[in-house]
Each structure stands twice: as C-alpha cells, then as structure tokens.
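Coordinate-derived values only; no laboratory data. Model, not experiment: these values are computed from the prediction. Note: ideal-geometry Cβ built from the backbone for every residue, glycine included; neighbour counts use all protein chains shown.
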Amino acid sequence: MLKLENITKKFQETTVLENINLEIESGEIVSILGQSGSGKTTLLNLILGLEEPSGGEIHFDGRNITHTLMEKRPFNIVFQDYALFPNLTAYQNLTYGLRNKKECSTKAEVDELIQLLNLEKHLDKPIHQLSCGQKQRVALGRTLVMKPQLLLLDEPLSALDGVIKESIKEKIQEIARKLHLTIVIVTHDPEEALTMSDKIVVLDEGKIAQCSSPIEIMSQASCHFVEEFIVNQLAIKQQNIQQIFQQSMKRAAS
Amino acid sequence: MRVEFSLKKMISWIVLAYPIVQIILTAFSQTDGGSLHIFNQNWRISFGNSLKYSLAATSCSTILGFFLAYGNNFTRINRRFLKVNESILHFPMLLPTITYGFVLIYAFGKQGLWSKVFQQELFHIYGSIGILLGFIIYTLPPIFILINNSMKYLDTQLFIVSRLMGDSWYRSLYKTILNPLTRVLAVAFLQGFFMSFTDFGIPSAVGGQTPFITTLLYEGFMGTIPNFQFGSLVALTMLLPSIISILVLNHLQKKVVRYERPRQAVIKKNAVRDWCFRLLFISLSLFILGVFAVLIIIPMVTNWPYELTPTFNNFARFIQDDSLILTLKNSLLMALLTAGFGTVIAYLAAILTSRERKVHKLNQVIDSIATITNSIPGMVLGVAYLLLFSGSQLHNTLLILVIVTIVHYFSTPYQMAKEAL
C-alpha cells in the first residue's frame, strides 16, 4: 500500500502541492486528475522519486521511502511520449531491463506478455516504424517485464486516438487485474479517469478537491470545481452525443 | 570484385588523394635540379609539433566543453549565472587568434599584468604552456557551442528509464548522453583539432623556438625568400588529417540517433554536483577574464609596462587617424556581408543535408566540402583564391574576401545547424 502523509512541495516561494494525504491500496487503479498546473505531474515525480517533498512523508508497504532514491523504489513509469530507445528494436526495448535483472521475468513470461500486448508481429521493427499504439504497448511491456509493485502512467492515452485508445484502456485494465498491479495514472481527461480507475484524486491548485470512486464523484461532487470540471463537462459531452444519435436515428427512420 | 565509383570517391580522389600522391612522388623523386625534400627533418619536427599540440589542446577543450555543456543542461544552477558565464566563455571568439598570443604575453610574460601583480612569472609563457593555453582558449568556445547545442536536444527521459531498468549511473550516462553525442563529440574534436593544426597566430606569437607546420608554411609563402612550390606542398601535406577525419565522420554518421520528440525530464536536486559545476564555470570565466583584462587595461595607460599613468590619449589618437577608421569600416563591412550571406548558405546547406534524403550524393559532397574547407589553413585558401581569380573582375575586391571567408568559416555554423535540425 502506498501512503502519502501531509505531502507539501514548494519551488522557491511557490507552493505547488499542499497537505496531500492519500492511500492507494495494492491492486488498485488510481487516477490523479487535474487541469494544467494543478500539480499532478509534481505529485507523480514525488511518488517516482524524481523530486523530494518539502514536507510530509511517503510510505510504501509500511516502509518510509520519502528519501529513498528513485532507482531503489519498486516502481516504474511509462512516460507520455513513451521514451523508447530510438536505436533499438521493439524486442530490444521490451527486454532492456532484463540485461541487468535477469531474475525479473523468465522467457516464458516475456512471451506471454508479448502475446497479451499483441506485439508478436512487431518485435523486430525499429521504433520509428511502430504506430503510437504499438509504441505505447512496447513501453508498457518494457516496464511490466521488470515486475514493478507500482506502475505510474503519465498521460498514457493522450497521444492515441479512437479505437486504439479504447483497446489500450482495456489492455491496461486487463493487465492490472491479471498481475494484481497497483497503477497510478496522471491525466487531465475526466473521461479517461472515470472509465479506467477504481479511485480518482481530483487536484485543484495543489490541493485534493475530492478523492472517491468514479460513481461517487459523478453522484456527489464535493465542490463547485469538481462539478464544473468533471460532472458538467461530461454532461455537455453526453448531451452532444445523444443529440447526434437522435438526429441520425430520425434520418434513418425517414 | 566489383568496383564502385561514387561521386564522393571521385571528389575525395581529385581533391585529396591525387595531390597527396603527387606530393609523395615529388618528395621521393631524385631529379638533377634537386628535388623538394618535403619530408625533411624540419617538416617532420614541425608536423609532429602541430599534431602533438593540437591533439593535446583539443582533447582538453573537448573534455572541458563536454563538462561545461553538461553543467549548462543537467544541473539546477541559476539560469542567469549560466548565461553570464556562457557569454564570457564565448568572448574569445570575437578576436583574431594572433590577439590570443599577445594577450597571453601581456598577461603572463615577464612584463605581464599577472607577473607584476604576483611579482614573479607564474610560468614560462613561450613554448609548450603558452601554445597549449592559446589553443585551448581558441578552440573551447566553438567546441562548447557545438556540444551544448546538441545536448539541448537529448531526450533526458531516457536517462530516467535507463536508471529504472537497472543500469548503473555510468552506464546510463554512456547509453543516453555520451552515445547519442558520439558524432557531435567527434565533430567538435575534429573541428578543434583543425582549428589548432591550421592556426598561425598563436604559434607565431607564443611559439618561441618551437616550429609548427603553419610557421613553415608562412616561410614558404611569405618568408624572406618565398618558395611558393614548397609552401604549396607543405599546405597539401596538411590535408593528411582531413582524410582520416572524413572517414571517421562517415563511419559515425551511421550512429546518429534521431529522437522523435525529445523531452526534458526533471533534474534531480544535488547540491554537491551543482557546486562542482559552479566552481568549474567560475574558474574558467575568471581565467578568460584574467587573460583578456589586459586588452582593456593596456590601451588605457600611457606606455605599458613602463609608464602606467591612466590616459585616453591612445583612443583619441585612434579616432583621429583616418586610415585606421577606414580599416575598421572595411573590416566591419566585410564581417557583416560574410555573416549575412554565410549564415544563409550554411543554414540552407544544413537543411538540405539533414532533411532532404533524395539528394544523397549532393549531401555527401556538402559534408565533404565542410570537412575539407575546415582543414585548409586560411593563408592557403587566400593564396589559392588569389591565384584562381587573378586577372578576373573579382581580383582585388571586397567580394573575393567575403567569398573566401565564407568558404573558410563554413564548417562551424553548418555543423551546428545540422546537429540541431
């Protein structure tokens, strides 16, 4: 379990995060949702260990990891632009970490993962020949072979479109359930957060505005910001889609 | 065996290999009129000195340039501090190399500023130390600019990924920073090497009794008894290193890493690292300021080092001298025209070679020209243009100076633009 206690982060005089208290259970998918500048990437960096908090503590499975180095934490990350090694093939990227830690995954486990991610046909391709969805799956696979106890996903779907977005969404959920993996997703898209997560942490100007399940957020928005940013935005989207459906059905009937 | 004749091989043969074969044939031929024994002891010592000092100084400059660029990009040092230091480090580029030699003498020579301040000579400026210092000051700014420029476009998220994948810090540094920079480091090194190898100003000012290939060349072209034939042969032997450099650069071209969307990751807090780099920047900036301070102090005293009363008379005399003002105007006009046209040409060439894949042969020619022109001393290029345009309408005009200077300095802006595109 990951536990954040009174986390504060300041950059010189600017407070980016203030008194963040959060508990993430093992196997849970949690989304950190917020607008640009709300502090979500800073929170991700603090969990990963790229930044140290100005105040408060971070615990993982009962161990204080506030000052533990990034590489010593049992976490891994998939960056928004995937950060794949451009001079290696898909397979070489996927198995990159096994050169250092062979014990992480067996050959059979790697093959199973490749199958799960539908990457069999693309293993020998250089990175620039892969589509965005394929790159996303390679990046995901590269972290999964290392068997992290917590996986951080930085805007995982922002570069994807339509059908690929939906299939990656399903893939992430499938992997999380199958491997009982704790996943923290950073996103600015309410729809993404609501459809993927067990729990959503809504950040507003460095503070937690609400932390609840998607259903609770939609039914009981805790403040005006959550209502405006999530509920109303999705309601407008829903209305627009409904209108298009109704119009198309009328036309089809006439 | 299939023999491939590419345009590049032909150019390499015509421009480089053929003249060199001719030189070798000339050098070993024994005619009655007395052959030009180009590979005599004098040439061997001069060539060896140029090679030795250029390699040593450029190695130092490349290492320093890399650390400075690293400090500039991968630390949390205040941006304003870095900007000020960067400007100081660029400053020597604004002056001709012969000035470096003289400022070194005025700073560290027997009557130099710092010898007076410390009441003793800190080191003997004529010979090894003077030449090395001069070459380092000369080559560090362009080397630093080249490396710094490329380092800005590295995908630093890869360093984090590499660390998370279990690579050690050194391996991560190698895989994600040094390896993608291999070509630019080689380009910077070769650039610095040729700058030193073909420089005449520094060896002539602080070289002392140490002969260099460029001083030998000067004797050939402009010595008391000029010998154009010998001078030309010396110049051609100076092309030897450029053959090796073309081969190295072509080999490294295969290693170029092109990022789709390079991203800058958060730089971790590390006070010790930041202080080490601060000290490096401060000490280098202070050294450069210390050396070039004499340029500001000496014109403001009556007669350095004998009469140190402050005066503006030297400036007044300069302003009143019409011939000096005319010289200044001519230099400014030539520099402006060279910079204007040169930038456009270098940038267009870089766009062509880095973005346009269809004209592969032409790109190879441009690359070869950039390497070859960089390795030809300015003096040789000047004489070559003089002979080439002799009798034409361009002879004795400002335009010929602009053309030859653009050709001479084409390499650095071209390489910089190419690495960034």
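Summary of packing: across the peptides B:166-176, A:195-205, B:142-152, the per-residue average of other C-beta atoms within 10 Å ranks them, highest first, as B:142-152, A:195-205, B:166-176. Taken residue by residue and averaged, Cβ atoms of other chains lying within 10 Å of the Cβ of A:77-83 number 6. The simple spin-label model puts a point 7 Å past each Cα toward its Cβ; for B:Phe228 and B:Leu324 those points are separated by 3.5 nm. How shielded is A:47-53 by partner chains, expressed as the average number of their Cβ atoms within 10 Å of its Cβ atoms? Mean partner shielding for this stretch: 3. Membrane-span-like helices in chain B, defined here as complete DSSP H runs extending at least 30 Å along the helix axis by their C-alpha atoms with mean Kyte-Doolittle hydropathy no lower than 1.0, are B:128-151, B:271-297, B:322-355; this is a sequence and geometry rule, not a statement about a membrane. Shielding by partners for peptide B:161-174, expressed as the average number of C-beta atoms from other protein chains within 10 Å of each residue's C-beta, is 5. Taking every alpha-carbon pair within segment A:123-227, the share separated by more than 20 Å comes to 46 percent.
Charged neighbours of A:Val145, selected by a Cβ distance under 12 Å, balance to +2 (K, R count +1; D, E count -1).
One Cα centroid belongs to segment A:117-136, the other to segment A:44-99; the line between them spans 23 Å. Applying 1/(1 + (r/R0)^6) with R0 = 22 Å to the Cβ-Cβ distance of B:Ala316 and B:Ala293 gives a FRET efficiency near 0.50.
Electrostatic bookkeeping for A:His122 treats Lys and Arg as +1 and Asp and Glu as -1; over the other residues with beta carbon under 15 Å from its beta carbon, the sum is +3.
Return the FRET efficiency for the residue pair B:Asp274, B:Ser59: r is the Cβ-Cβ distance, R0 is 35 Å, and the value is rounded to the nearest 0.05. Efficiency for this residue pair is about 0.85.
Once both labels are positioned 7 Å from their Cα atoms along Cα-to-Cβ, the gap between A:Met70 and B:Gln393 label points is 6.3 nm.
Charged side chains reduced to their Cβ positions (Lys and Arg at +1, Asp and Glu at -1) give segment B:321-421 a dipole of some 460 debye around its Cα centre. Subtracting the Cα-Cα distance of B:Tyr306 and B:Arg76 from their residue separation scaled by 0.36 nm leaves 78.1 nm.
Pull out a ≥ b ≥ c, the square roots of the eigenvalues of the alpha-carbon gyration tensor of chain B, then state rounded if a/c is under 1.5, prolate if not and a/b is larger than b/c, and oblate in the remaining case. Judged from the Cα gyration tensor, chain B comes out oblate (a/c at least 1.5, b/c at or above a/b). Sorted on the mean count of surrounding Cβ atoms within 10 Å across their residues, most packed first, peptides B:359-367, B:64-72 read B:64-72, B:359-367. For A:Thr182, the amide hydrogen comes within under 5 Å of the amide hydrogens of A:Gly27, A:Leu151, counting only partners 5 or more places away or on other chains and with H modelled in the peptide plane. Extending 7 Å from Cα along the Cβ direction at B:Tyr170 and again at A:Thr15 yields two label points whose distance is 4.5 nm.
On the beta carbon distance between A:Asp198 and A:Glu103, with R0 = 25 Å, the FRET formula returns roughly 0.25. Taking a Cβ cut-off of under 13 Å around A:Thr42, the surrounding Lys, Arg, Asp and Glu residues balance to a net charge of -1, with basic ones at +1 and acidic ones at -1.
Rounded to whole numbers, the Karplus 3J(HN,Hα) couplings from phi for segment A:13-20 are 8, 8, 8, 8, 10, 9, 6, 8 Hz, using 6.51 cos²θ - 1.76 cosθ + 1.60 with θ = phi - 60°, and x at Gly and Pro. Only Lys, Arg, Asp and Glu carry charge here, each on its Cβ (+1 for the first two, -1 for the last two); on that basis the protein assembly as shown has a dipole of about 1200 debye about its Cα centre. Taken along its principal axes, the alpha carbon cloud of chain A reaches lengths of 58, 55, 31 Å, longest axis first.
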